[in-house]
Amino acid sequence: MTPDPLFDFTGKVALVTGGSRGLGYRMVKALAERGADVIVASRKLDTCEEVAAECRALGRRAMAHSVHCGRWDEIDGLIAAVYAAFGRIDILINNAGMSPPCPSHEMPESLFDSVMNLNFKGPFRLASQIAHRMSEGDGGAIINISSSGALTALPMVVPYGAAKAALNAMSVSLSREYAPKVRVNTISPGPFLTDIAEAWEAKKRETQPVALGRPGRPEEIVTAALMLASPASSYTTGALVRVDGGQR
C-alpha cells in the first residue's frame, strides 16, 4: 500500500492494547499497512503473535506481548519491554476493555473491581506513563477507546459505562497535562459487529436504534483512528469522536 501523505506512519511505533481481535485488530492492521511498526498487546500471547506475524508479512517490525491491562505491574512490564525493543512509542491506542452484563443490585465487588480496573484504572496507568515519556521525547498521540455507554443509558453494565465516562474525563485532563507535545483524544464507538456481537439476538446483529439503523462493521473504526493518530491532526487534542451510527 502506498499511503496518502496525510496517513503515512512510516517509522512510527504504535502500541495497541486489545489488539489481537475486534476493533483493536483492525486498527493494528491499518497502522501496519501504512508503515507503522506495531506492538500487539492482549492477554492471549498466541493470538497476539498471529496478528504480529501478519504485520511482519507486510515488512513491519511487530512484537506480541501478553498483558492484563487492568494490572499496573503488568502494564509497567509492557512499557519496559516495548521501550527496550523499540526505544519509544509514538502512538498508543488504549483499546482493551470488557463489559459482562450483570444486574446492578447483584454485582459482586470482585466483578465491579475487574470492570473498573480494565476499563479505567489500567488505561490511566498506561496513558499517563507513556504520555510522560512522550512529553520528555518527541511527543506522540494517545487514543483512548471509550463507548457510547458513557454517553447514554446502558442498563446491566452500569460500572462499564461509568468507567468509560471516567475514561472520557481522563482524556481531556491528560490532553492538558501533557500538552503541547502529546495529543490525547477519545473514540466513542457504538454497537459494532465484533466477537461480542455473537451473543446478541439475530435481530440486533442486523438492526440497531441508531440513525444509520444498523451495527457498525469493525473496519469502520479505522478512519477515526487514523485521523486522530496522524501527525497531520496536530491541532486536534482533547476531542471525543463518536463512531456510533448516530446514536441518540
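The values are calculated or read from the model by the stated rules, or taken from the named source; none is laboratory data. Just so it is clear, the model here is predicted, and its values are computed rather than measured. With ideal geometry, Cβ positions are generated from the backbone for all residues, glycine too; neighbour counts draw on all protein chains shown.
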Q | Number of positions in the stretch 179-209 that are without any contact (Cβ under 8 Å) to a residue 12 or more places away in the chain, more than 26 Å from residue 123 (Cβ to Cβ) and outside any loop (DSSP other than H, G, I, E, B) | A | 2
(Q) Please list, ordered by residue number, the strands (runs of 3 or more DSSP E) wholly in the stretch 32-135 having 1 or more residues that are of a type in the set (A, V, I, L, M), in contact with a Pro (Cβ under 8 Å, 6 or more places away or on another chain) and at positive phi. (A) none
Q) So which residues in the stretch 139-155 are under 18 Å from the mean Cα position of the chain (by Cα) and either aliphatic (A, V, I, L, M) or not in a loop (DSSP other than H, G, I, E, B) (or both)? A) 140, 141, 142, 143, 144, 145, 148, 149, 150, 151
Q) Which pairs do you get when a residue that is more than 22 Å from residue 192 (Cβ to Cβ) and hydroxyl-bearing (Ser, Thr, Tyr), found in the stretch 124-148, comes within reach of a residue that is crowded, with 20+ Cβ neighbours inside 10 Å and modelled with pLDDT of 95 or more, reach meaning Cβ atoms under 8 angstrom, with the pair 6+ apart or on two chains? A) 128/174; 135/178; 135/182
Q | Set 99, 114, 66, 135: member being modelled with pLDDT of 95 or more and within 22 Å of residue 165 (Cβ to Cβ) | A | 114
Q. Taking the stretch 173-204, which residues are modelled with pLDDT of 95 or more and among the aromatic types (Phe, Trp, Tyr)?
A. 178
